[in-house]
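Down below is the structure, laid out as structure tokens.
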Amino acid sequence: MKPVQSTLQKWMRENENFQEHYAKIRREVLNDSEIKAFLAKHPALTKKEIDKNLIKLYEYMTQSKQCAKCTSFETCPNMLPGYSPVLHVEGGEIHLSYEKCYERINYEKQREQQKLVQSLYMPKQILEAKIDYIDSDPKRSQAVREILKFVGDCEQEIPTKGLYLYGPFGVGKTYFLGALANKLKEMYISSALIYMPEFVREMKASMKDDSLNKKLDYFKKTDVLMLDDIGAEMLSPWFRDEILGSLLQYRMMEGLPVFFTSNYSLQELETHLASTRNGVEEVKAGRIIERMKQVSQPVAIFAENRRT
């Protein structure tokens, strides 16, 4: 069998139109500023080597280099979307490889960061919250200062205490948690943002498929846990003592912070947690409050209702 290259060369000689097209492409490639710069760096490359790898040089010439022809990762025109071509010489031979472009790196970084925020039944508006969007309402200034301080401390080490944000409806407590979660993901710090009434239902449902311990273990160990609207649900003694109590006990022992939002002060929440179908259980409710104090510090927010 004749070598493929010799057969192709014979066909090229016999096909004048192809030869003309080939010559045109060759001129375009060799006159390209980037190709000329590459060849100038490697003067030892022979004409034979260059001609043999003309298709590689042409491919390099037509591809977008590090997003020069792209507006986003999704609109990348390259043969390998999200990868930028690289020419190099090894052993006197031309090689073409691809490396991740800036847009792909940024895309993967955003996807990786997004995984760091796990939410349970939180509205989209909260999950898109940003600290930069929080206004300078003086009635919320203490909460803003404490959140910014927490973020600043995280640059060195995650603090052992979060915040217990309490106050009336509509003052922005939940928005603060969403904004904090998004800021933390930029620092590659994981968080779990949980709406308490749905969390109660989720844990009860998890008993049926034996996934309760796995889910509870994740919430115990996430870097920053956020429990939204605690007190809005009617807790059973089982959930209060076995789920919430166990969760807070673990995080207290491991020095892991918890953020809460509530319409109740801690004293009012203690009364709420003590009231069960079995009567008033002050001691058990008191244990929960003491654990909450170990993993958070209370900050009141009494501002205007932003929902009206």
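Data overview
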item	result
Selection count where residues are more than 16 Å from Leu184 (Cα to Cα) and in contact with a Leu (Cβ under 7 Å, 6 or more places away or on another chain), scope segment 125-158	1
Every residue from segment 124-182 that is touching a Gly at 6+ places or on another chain (Cβ under 7 Å) and at pLDDT below 95	Ile126, Leu127, Ala129, Arg140, Lys173
Residue pairs meeting the criteria (Cβ under 8 Å; at least 6 apart or on separate chains; first in contact (Cβ under 8 Å) with a residue 12 or more places away in the chain, in segment 289-308; second hydrophobic (A, V, I, L, M, F, W, C) and open to solvent by 90 Å² or more (accessible area, probe 1.4 Å))	Asn305/Phe169; Arg307/Phe169
Pair list, Cβ under 9 Å, 6 or more apart: segment 89-110 residue farther than 20 Å from Thr62 by Cβ and of a type outside the set (A, V, I, L, M), other residue part of a helix (DSSP H, G or I) and open to solvent by 60 Å² or more (accessible area, probe 1.4 Å)	Glu93/Lys52; Tyr107/Glu74
Hey, Tyr166 open to solvent by 10 Å² or more (accessible area, probe 1.4 Å), aromatic (Phe, Trp, Tyr) and on the phi > 0 side of the Ramachandran plot or not	no
Unmet criterion (only one of (1) surrounded by 15 or more Cβ atoms within 10 Å (Cβ to Cβ); (2) of a type in the set (Asp, Glu); (3) within 21 Å of Gln294 (Cβ to Cβ)) for Asp217	(1)
Residue satisfying all of: in segment 70-98; of a type outside the set (A, V, I, L, M), open to solvent by 90 Å² or more (accessible area, probe 1.4 Å) and not in a helix (DSSP H, G or I); farthest from Lys36 (Cα to Cα) among these	Thr71
Hey, Ala44 open to solvent by 80 Å² or more (accessible area, probe 1.4 Å), of a type outside the set (Val, Ile, Thr) and in contact (Cβ under 8 Å) with a residue 40 or more places away in the chain or not	yes
Selection within segment 117-161 - basic (Lys, Arg) and not in a helix (DSSP H, G or I)	Lys130, Lys161
Filter pass, Pro123 being within 19 Å of Asp228 (Cα to Cα) and free of Cβ contacts under 8 Å to residues at least 12 places away in the same chain	yes
Qualifying position, being acidic (Asp, Glu) and under 28 Å from Asp135 (Cβ atoms), among Asp241, Asp210, Asp229	Asp229
Considering residues of segment 21-40 that are under 14 Å from Glu59 (Cβ atoms) and open to solvent by 70 Å² or more (accessible area, probe 1.4 Å) only, the residue modelled with the lowest pLDDT	Glu28
Complete set of residues in segment 197-214 that are more than 26 Å from Leu180 (Cβ to Cβ) and exposed (fewer than 15 other Cβ atoms within 10 Å of the Cβ)	Lys204, Ala205, Met207, Lys208, Asp209, Asp210, Ser211, Asn213
Criterion (closer than 19 Å to Ser191 by Cα, basic (Lys, Arg) and surrounded by 13 or more Cβ atoms within 10 Å (Cβ to Cβ)) met by exactly one of Lys161, Lys65	Lys161
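The values are calculated or read from the model by the stated rules, or taken from the named source; none is laboratory data. Because the structure is a prediction, the values reported are computed rather than measured. Here Cβ is always computed from backbone atoms with ideal geometry, including for glycine, and neighbour counts include all displayed protein chains. To get the accessible areas, we keep the full protein, side chains included, count just its heavy atoms, and leave off ligands, DNA and RNA. Shrake-Rupley method; radii C 1.70, N 1.55, O 1.52, S 1.80 Å.
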